[in-house]
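A short write-up of the structure that comes next.
The values are calculated or read from the model by the stated rules, or taken from the named source; none is laboratory data. If you're wondering where the values come from, they're calculated on a predicted model, not measured in any experiment. Cβ atoms come from the backbone with ideal geometry, glycine included; neighbour counts cover every protein chain shown. To get the accessible areas, we keep the full protein, side chains included, count just its heavy atoms, and leave off ligands, DNA and RNA. Shrake-Rupley method; radii C 1.70, N 1.55, O 1.52, S 1.80 Å.
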Amino acid sequence: MNFYKRQPFPEDYMNNLKKITPFLAIGIISIFFGLYKWTFEGQGLGKVAVILLFVVAAVVLLIDFGFKKWLKTFKKIAAVELIILGVLIAANQYQYNRTKTLEIPTDFNHQFVTIIYGVGGQPHLGITDLTLAKIIKIPDNGILITATKYDIDLPQTKIKTADNEYYNTTESDVIFGQFGGEIQFADKIYRYRSWQIGNKAACCSHTGEEIQIYELDLKRELKNETIR
């Protein structure tokens, strides 16, 4: 009787590695990363992140198990999982990287740029669910009033001058920060987004009193636009 057991050759290990499907890899990585965070960051929000990682691991491993029962062959499983990952990545890029570019005059000398949303009778921004990028021209006073709703907007923002100097870049000394709020005018509440512009050395802080004063300017501009 031959009790000799063949030792695995390197190609055997490579063949086993080739059978690790994309979802299986994601599940294993999520578990190890979750254990790491539990060990070193398992308090407060870190604990929530750990739970989410374990949930992700459980879901993808269950899906992977189901595909293995259904599709049988490694090539089919890997192809389907890669397609799913591609769709999810594309959807994420579409959702969070859609960008509006606010174009301000070259000689713009205001501290804030603001868009006030949901004002009836005003122009729309021309943004739909399919819009990937949009250039929005800002008036000389820095305040744009639109009928477009607050939630119908593009998540990322760039600011550039009319002569194509982009702020918040390594080539520019000018940066900006975003904040938002609500103003009440004519028994209605309007939401707005503002971007504070300034030099890298002195941007972008403001006091509550400064914002209150600025919101008075916004109300005056609303009044001027709505009575025209």
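Antiparallel DSSP bridges in the chain: what percent, to the nearest 5?
55
Where does the chain land at 222 nm, in deg cm²/dmol rounded to the nearest 500, when only DSSP H runs of n ≥ 4 count, each adding -39500 (n - 2.57), divided by all residues?
Value at 222 nm, helices only: -15000 deg cm²/dmol.
Relative to the longest principal axis of the chain, what angle (0 to 90°, nearest 10) does the C-alpha long axis of helix 208-226 take?
Helix 208-226 sits at roughly 70 degrees to that axis.
Which of L102, L71, L85 moves most in a GNM of the chain, Cα contacts under 10 Å?
Fluctuation is largest for L71.
Which whole-Hz couplings ³J(HN,Hα) result when phi for each residue of the range 69-85 is put into the Karplus expression 6.51 cos²θ - 1.76 cosθ + 1.60, θ = phi - 60°, listed in order with x for Gly and Pro?
6, 8, 8, 6, 8, 4, 4, 5, 4, 4, 5, 5, 5, 5, 4, 4, 4
Rolling a 1.4 angstrom probe over the protein heavy atoms, how many square angstrom per residue are accessible across the chain?
In whole numbers, the chain has 67 Å² accessible per residue.
Which whole-Hz couplings ³J(HN,Hα) result when phi for each residue of the range 154-162 is put into the Karplus expression 6.51 cos²θ - 1.76 cosθ + 1.60, θ = phi - 60°, listed in order with x for Gly and Pro?
Once θ is set to phi - 60°, the couplings for the range 154-162 become 9, x, 9, 10, 10, 10, 9, 8, 5 Hz.
Counting only Cα, what are the radius of gyration and maximum Cα-Cα distance Dmax of the chain, in Å?
Rg and Dmax of the chain, Cα atoms, are 26.8, 101 Å.
Within a Cβ distance under 11 Å of L71, other residues only, what is the Lys/Arg minus Asp/Glu net charge?
That works out to +3.
Using the structure shown, list the pairs from K149/K219; K37/K68; K100/K137 with a Cα-Cα distance above 21 Å, or answer none.
Among K149/K219; K37/K68; K100/K137, the Cα-Cα distance tops 21 Å for K37/K68.
Report the percentage of all Cα-Cα pairs in the range 34-83 whose separation exceeds 17 Å, rounded to a whole percent.
48
First select every other residue whose beta carbon is under 13 angstrom from the beta carbon of K219; then total the charges, Lys and Arg +1, Asp and Glu -1.
Net of charged neighbours comes to -3.
Carbon and sulfur together cover what percent of the accessible area of the chain at a 1.4 Å probe radius?
The computed percentage sits at 60.
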